[in-house]
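S.K.: Mind having a look at this structure? Questions to follow.
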Amino acid sequence: MPGIIVVGSQWGDEGKGKVVDVFSAQADFVVRYQGGANAGHTLVVNGVKTVLHLVPSGILHPKTVCIIAAGVVLDIEEVTSEINALKEAGLIQNPEQLRISDSATVLLTYHRKIDQAREKALGHEKIGTTGRGIGPAYEDRAARQAILFGDLFDPATLKEKLTASLKEKNFLLESYYKTEPVAVEPLYKRLLQLADELAPYRCKDASTMIHRALKSGKKVLFEGAQGTMLDLLHGTYPYVTSSSTLSGSACVGSGIGPNSVQKIIGITKAYTTRVGSGPFPTELEGDLGERIRKEGAEFGATTGRPRRCGWLDLVAMKYAIRVNGITNLALMKLDVLSGHDKIEVCTAYRLDGQEIKDLPTSSAELSRIEPIYKSLAGWSEDITQVRSIQDLPQAARDYVQFIATELATPIDVVSVGPGREQTLWIKPLFN
């Protein structure tokens, strides 16, 4: 079955939105399988920037069907606002372009309030969340207390579940966090309004829809949010997101079997960034890190927060390849490294005096890591106008080849700018 998973192989912000937008020209379906509105995917088409948080990045292709699957926590206000903006821009002309699973968890006002109050209470120990309510929404799902998208279309069930949920949530907000409660009736009425607006996009059984598409030979892309190192189980815990960001969650979140997948494409920048707190072995502080941040426009699409920047970490990349089963790579933002006399690449770590080549599973150990670098020649040319891999400067081609060789994983595509046309194909997407 021709299913392809696109997964972030670093700490998120790798350029998955652009990759999925470019790939969607060849795809019939794009499925968003996990995460919430804490993810921001930035697309640039004909110089126009579109930032998406919940709607899949394939929405800019009118013949591509986009699905928000059960594994997503759906900020109901955000997705409505996003859809309306896309409609006003003429990018959604038919409701059939976007389907929302009845089984997706609905994220509500009180999830955001709890998230923000919790971070404030943690003070210097805060995780660095976006305050969008993602964690509390996933907590409700695990506790079997979640309101699902399908519940919005059953007023009696919605009222009952909302009332029950707010008894606990308001006690927590008022008694523990000393903040204002959320009233049931205004929220209930607002949800009924939003349900009317979103009804055209409802999909009662997204899993069956995806399965039938795959079985009939349709080309399906699975799009995740964040990156490998933010995975709840296998990332730099506790400085992680609240869902599984690995490729395996594409199957779980979408309701399909792993034998539906043909290829797993890992997205990586030509360097490394991360947002929020937590260990970052190759972080560059000072002028060099600031230079990469400025030239790469490394500011969060969701929050505007400056991203921490550093050299490419091949030890972490090998870990990402292993835990995701990555078969191919897409290398993003190669153009940002233009103008550096030399480029460093982390090929091993030193921990407590010993050289290691495997990523430690403990954040405490990872915070004590000293990266071991290999220096490669840089290049001075502007490569943003290059349209063929063969036309890159020799040093840039050597850098790409070095990464592919060290990781023993083919690089299928290289990005030299934010636009669709700034994409260099080495191998075709679908076999």
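The values are calculated or read from the model by the stated rules, or taken from the named source; none is laboratory data. Computed from a predicted structure; not experimentally measured. Every residue, glycine among them, receives a Cβ derived from its backbone with ideal geometry; neighbour counts consider all protein chains shown.
S.K.: Take the range 98-142 and flag every residue that is modelled with pLDDT under 95, of a type in the set (A, V, I, L, M) and surrounded by fewer than 19 Cβ atoms within 10 Å (Cβ to Cβ).
M.R.: Selection gives Ala117, Ala121, Leu122, Ile127.
S.K.: Tally time: how many residues in the range 347-370 are part of a strand (DSSP E or B) and surrounded by 22 or more Cβ atoms within 10 Å (Cβ to Cβ)?
M.R.: Total satisfying the criteria: 1.
S.K.: Here are Glu197, Glu168, Glu185, Glu174: which of them is in contact with a helix residue (DSSP H, G or I) (Cβ under 7 Å, 6 or more places away or on another chain) and not polar (S, T, N, Q)? Steps first, answer last, please.
M.R.: Values: Glu168 fails: in contact with a helix residue (DSSP H, G or I) (Cβ under 7 Å, 6 or more places away or on another chain); Glu185 fails: in contact with a helix residue (DSSP H, G or I) (Cβ under 7 Å, 6 or more places away or on another chain); Glu174 fails: in contact with a helix residue (DSSP H, G or I) (Cβ under 7 Å, 6 or more places away or on another chain).
Exactly one residue qualifies, and that residue is Glu197.
Residue by residue, here is whether (1) over 25 Å from Ile4 (Cα atoms); (2) surrounded by fewer than 17 Cβ atoms within 10 Å (Cβ to Cβ); (3) out of contact with any strand residue (DSSP E or B) (no Cβ under 9 Å at 6 or more places or on another chain) holds:
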residue: Leu43; (1), (2), (3): no, no, no
residue: Val55; (1), (2), (3): no, no, no
residue: Asp75; (1), (2), (3): yes, no, no
residue: Glu96; (1), (2), (3): no, yes, no
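S.K.: Can you find, within the range 189-225, the residue that is surrounded by the most Cβ atoms within 10 Å (Cβ to Cβ) among those that are touching a residue at least 24 places away in the same chain (Cβ under 8 Å) and part of a loop (DSSP other than H, G, I, E, B)?
M.R.: Gly224
S.K.: Tell me, yes or no, whether the range 40-47 has at least one residue that is under 10 Å from the mean Cα position of the chain (by Cα) and in the same structural domain as Thr80 (by TED's automatic domain parsing). First the steps, then the outcome.
M.R.: Our first condition is that a residue be under 10 Å from the mean Cα position of the chain (by Cα); within the range 40-47, this holds for 40-41.
From what's left, in the same structural domain as Thr80 (by TED's automatic domain parsing): 40-41.
Yes, the conditions are met somewhere in the range 40-47.
S.K.: In this structure, is Leu187 over 30 Å from Phe23 (Cα atoms) and among the aliphatic types (A, V, I, L, M)? Talk me through it step by step, then tell me what you get.
M.R.: Details: over 30 Å from Phe23 (Cα atoms): yes; among the aliphatic types (A, V, I, L, M): yes.
Criteria met by Leu187.
S.K.: Among the candidates Leu86, Leu52, Leu108, which residue alone is touching a His at 6+ places or on another chain (Cβ under 6 Å) and touching a residue at least 24 places away in the same chain (Cβ under 8 Å)?
M.R.: Details: Leu86 fails: touching a His at 6+ places or on another chain (Cβ under 6 Å); Leu108 fails: touching a His at 6+ places or on another chain (Cβ under 6 Å).
Matching residue, one of Leu86, Leu52, Leu108: Leu52.
Residue-by-condition table, conditions (1) touching a helix residue (DSSP H, G or I) at 6+ places or on another chain (Cβ under 7 Å); (2) farther than 17 Å from Asp231 by Cα; (3) assigned by TED's automatic domain parsing to the domain that holds Lys218; (4) of a type in the set (Asp, Glu):
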| residue | (1), (2), (3), (4) |
| --- | --- |
| Gly255 | yes, yes, yes, no |
| Lys263 | no, yes, yes, no |
| Thr268 | yes, no, yes, no |
| Gly278 | yes, no, yes, no |
| Thr282 | no, yes, yes, no |
| Arg293 | no, yes, yes, no |
| Ala297 | no, yes, yes, no |
| Thr303 | no, yes, yes, no |
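S.K.: Quickly run through the range 413-422 and pick out the residues that are crowded, with 20+ Cβ neighbours inside 10 Å and part of a strand (DSSP E or B).
M.R.: Result: Val413, Val414, Ser415.
S.K.: Follow-up. Output the strands (runs of 3 or more DSSP E) that fall wholly within the range 226-334 and possess 2 or more residues being free of Cβ contacts under 8 Å to residues at least 60 places away in the same chain, or say none. Walk me through how you get there before you give the answer.
M.R.: Values: elements: 261-269, 272-274, 308-310, 328-332.
Where strands (runs of 3 or more DSSP E) fall fully within the range 226-334 and carry at least 2 residues being free of Cβ contacts under 8 Å to residues at least 60 places away in the same chain, they are 308-310.
S.K.: How many residues are in a strand (DSSP E or B) and either β-branched (Val, Ile, Thr) or at positive phi (or both) if we restrict to the range 394-412? Don't jump to the end; show me each part of the working.
M.R.: Let us first name the residues in the range 394-412 that are in a strand (DSSP E or B), namely 411-412.
Filter once more, keeping what is either β-branched (Val, Ile, Thr) or at positive phi (or both): 411.
Of the residues in the range 394-412, 1 are in a strand (DSSP E or B) and either β-branched (Val, Ile, Thr) or at positive phi (or both).
S.K.: If I filter the range 77-86 for residues that are within 26 Å of Leu214 (Cβ to Cβ), in contact with a Ser or Thr (Cβ under 9 Å, 6 or more places away or on another chain) and surrounded by 24 or more Cβ atoms within 10 Å (Cβ to Cβ), do I get at least one hit?
M.R.: No, every residue in the range 77-86 fails to be within 26 Å of Leu214 (Cβ to Cβ), in contact with a Ser or Thr (Cβ under 9 Å, 6 or more places away or on another chain) and surrounded by 24 or more Cβ atoms within 10 Å (Cβ to Cβ).
S.K.: While we're here: Any residue at all in the range 148-165 that's modelled with pLDDT of 95 or more, farther than 30 Å from Lys49 by Cα and of a type in the set (Lys, Arg)? It would help to see each step written out before you state the result.
M.R.: Residues of the range 148-165 modelled with pLDDT of 95 or more: 148-165.
Still in the list and also farther than 30 Å from Lys49 by Cα: 148, 150-165.
From the residues that got through so far, the ones that are of a type in the set (Lys, Arg) too are 159, 161.
So far as the range 148-165 goes, yes, one or more of its residues are modelled with pLDDT of 95 or more, farther than 30 Å from Lys49 by Cα and of a type in the set (Lys, Arg).
S.K.: Further question on the same structure: Looking at this structure, is Ser375 assigned to a loop (DSSP other than H, G, I, E, B) and modelled with pLDDT of 95 or more?
M.R.: Working: assigned to a loop (DSSP other than H, G, I, E, B): no; modelled with pLDDT of 95 or more: yes.
In short, no.
S.K.: For the range 311-334, how many residues meet the condition of being of a type outside the set (A, V, I, L, M, F, W, C), touching an Asp or Glu at 6+ places or on another chain (Cβ under 9 Å) and buried (at least 24 other Cβ atoms within 10 Å of the Cβ)?
M.R.: Keep residues of the range 311-334 that are of a type outside the set (A, V, I, L, M, F, W, C), which gives 313, 318-319, 322, 324-325, 327-328, 333.
If we keep only those that are touching an Asp or Glu at 6+ places or on another chain (Cβ under 9 Å) as well, we get 318-319, 328, 333.
Checking which are buried (at least 24 other Cβ atoms within 10 Å of the Cβ) leaves us with 333.
Adding up the residues that qualify gives 1.
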